[in-house]
Amino acid sequence: MIDHQTTHQAEEDIRNESINIYVNGSIVPKNEAVVSVYDSGFMLGDGVWEGLRLYNGTWAFLDKHLDRLFEAALAIDLDIGMTPDQVKNALLETQIANQMTTDAHARLMITRGPKTRPFQHPSLSQNGPTVVIIMEHSKPKLGRPIRLATVPHLRGLPMTQDPKLNSHSKLNCILACIAAEKAGADEGLMLDVNGFVNTTNACNFFIVRKGEVWTSTGDYCMNGITRQKVIDLCRANGIPVFERNYSLVDTYGADEAFLTGTFGAQTPVGEIDGRRIGTGELGPITTRIRELYKDLVAQECA
């Protein structure tokens, strides 16, 4: 049994020591992939990103990810300087350079670019954007279901930092993760501004109660692509699913709980705040959803 793990736990792969990384139109060896210390992403967390997974030679739900990326860039007034097709081509070129065919994960990052002086005003970023694609061989490897701890940190309000933005500014979620780790858990369960169960610091969150699948209203969480696929699959396959407000009391009494995300797809949760959820193992409805999602990915990436 692993005492501590993350939701992005992966098998060790020696090939990742010699990967090639896309940086502003060039594909370079890992040890040559650098950006300026003046870069607005490094200096201020000013940028947006996407995580993608490669199955059977195809990047799953790529158009959905690119739509979300460009919408986020528009929201923060960041000109990517590339069309969606050009971003897609950069991703494919990086894949070819790394000879990757399946079980790979890409982090596509775009910042406002290097600044002329080390201050926050966006007009100081005059030579952007910075575009980086890190692509690794990556196969999820969990030793046991995830343990969660409820943390005091909330996901931001839309008028502070909208949680629907996949922003480089992740400090709030990092602090939530640190708080959970200090409580002996793997990840933090975050509430919304009204005290209802919302999301974790890195993934969307679902529970199962009496055959029904519940998740948050979606008002205060990342608009997860895997989250939406799970909701759609439930609706298409006769599994009752609800986007609703629910409390920690409801959560502690759940029969199953699981996380969703691009990396892990559906990750079982065995314990929350020291309380065992159901049997503490992967449950039957989570298993069914996993099978449906696997079939969906197989169709998408045939």
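What to note about this one:
- For the chain, the longest principal axis of the Cα atoms and the long axis of helix 84-97 meet at an angle of about 90 degrees.
- Put simply, the amide H of residue 33, placed in the peptide plane, has no neighbours under 5 Å, leaving out anything fewer than 5 places away on its chain.
- Whole-Hz Karplus values for segment 107-114 come out as 10, 9, 10, 9, 10, 6, x, x Hz, taken residue by residue from phi with 6.51 cos²θ - 1.76 cosθ + 1.60 and θ = phi - 60°; glycine and proline positions read x.
- Coupling constants for segment 269-286 follow from the phi torsions by the Karplus curve (6.51 cos²θ - 1.76 cosθ + 1.60, θ = phi - 60°), and in residue order they are 10, x, 8, 9, 6, x, 9, 6, 9, x, 7, x, 10, 4, x, x, 6, 4 Hz; glycine and proline get x.
- Under 5 Å, built H, 5+ apart or other chain: amide partners of residue 150: 189, 273
- The charge dipole of segment 26-109, taken about the Cα centre with unit charges on the Cβ atoms of Lys, Arg (+1) and Asp, Glu (-1), comes to about 320 debye, rounded to the nearest 20.
- The residue 107 and residue 249 beta-carbon pair, evaluated with R₀ = 35 Å, returns a calculated FRET efficiency of approximately 0.45.
- Using distinct alpha-carbon pairs, which all enter the 1/r mean, Kirkwood radius of segment 139-188 in Å: 12.2 Å
- Cross-link pairs exceeding 21 Å in C-alpha to C-alpha distance, out of 229/294; 64/229; 64/294; 30/170; 64/88; 30/64, comprise 30/170; 30/64.
- Label zone at residue 56, where the point sits 7 Å out along the Cα-to-Cβ direction: segment 134-151 residues whose backbone N lies under 20 Å: 138-140
- Ordered from longest to shortest, the equivalent ellipsoid semi-axes for segment 67-208 are 30, 23, 14 Å, each the square root of 5 times a Cα gyration tensor eigenvalue.
- MRE, 222 nm, helices only [DSSP H, n ≥ 4, -39500 (n - 2.57), over the chain, to nearest 500]: -8000 deg cm²/dmol
- For segment 14-137, the relative contact order works out to 37 percent when only alpha carbon pairs closer than 8 Å and six or more residues apart are counted.
- Largest mean-square fluctuation among 287, 101, 83, in a Gaussian network model of the chain whose springs join Cα atoms under 10 Å apart, belongs to 83.
- With the convex hull drawn over the C-alpha atoms of segment 146-300, the volume per residue is 103 Å³.
- Against the chain, whose longest principal axis comes from its Cα atoms, helix 225-236 is set at around 40 degrees.
- Put simply, the amide H of residue 201, placed in the peptide plane, has neighbours under 5 Å in 188, 190, leaving out anything fewer than 5 places away on its chain.
- HN-Hα J in Hz across segment 61-75 - Karplus 6.51, -1.76, 1.60, θ = phi - 60°, x for Gly and Pro: 6, 4, 4, 4, 5, 5, 4, 5, 4, 5, 5, 5, 4, 4, 4
- Electrostatic bookkeeping for residue 260 treats Lys and Arg as +1 and Asp and Glu as -1; over the other residues with beta carbon under 9 Å from its beta carbon, the sum is +2.
- Ordering 119, 205, 42 by the number of other Cβ atoms within 10 Å of each residue's own Cβ, fewest first, gives 119, 42, 205.
- For the chain, the calculated P(r), taken from all Cα-Cα distances in 20 Å bins from zero up to the bin holding the longest distance, is 32, 59, 9 percent.
- Segment 14-137, Rg to Rh (Cα coordinates; Rh as Kirkwood inverse mean 1/r): 0.98
- Comparing 290, 53, 147 in a Gaussian network model of the chain, where Cα atoms under 10 Å apart are tied by springs, the biggest mean-square fluctuation is seen for 290.
- Total charge dipole magnitude, segment 217-275, about the Cα centre, Cβ charges on Lys, Arg, Asp, Glu only, Debye to nearest 20: 200 debye
- Within-11-Å neighbourhood charge of residue 220 [Cβ basis; K, R +1; D, E -1]: -1
- Cβ-to-Cβ counts within 10 Å put 39, 77, 255 in ascending order as 77, 255, 39, the fewest first.
- Size of electric dipole in the chain: Cβ of Lys, Arg +1 and of Asp, Glu -1, about Cα centre, debye, nearest 20: 260 debye
- Residue exposure sequence - 76, 146, 231 - by fewest surrounding Cβ within 10 Å: 76, 231, 146
Values quoted throughout were computed directly from the atomic coordinates according to the rules given, and no laboratory measurement underlies them. Given the structure is predicted, the values throughout are model-derived calculations rather than measurements. Don't worry about glycine lacking a Cβ; one is built from the backbone with ideal geometry, like all the others, and counts go over all protein chains shown.
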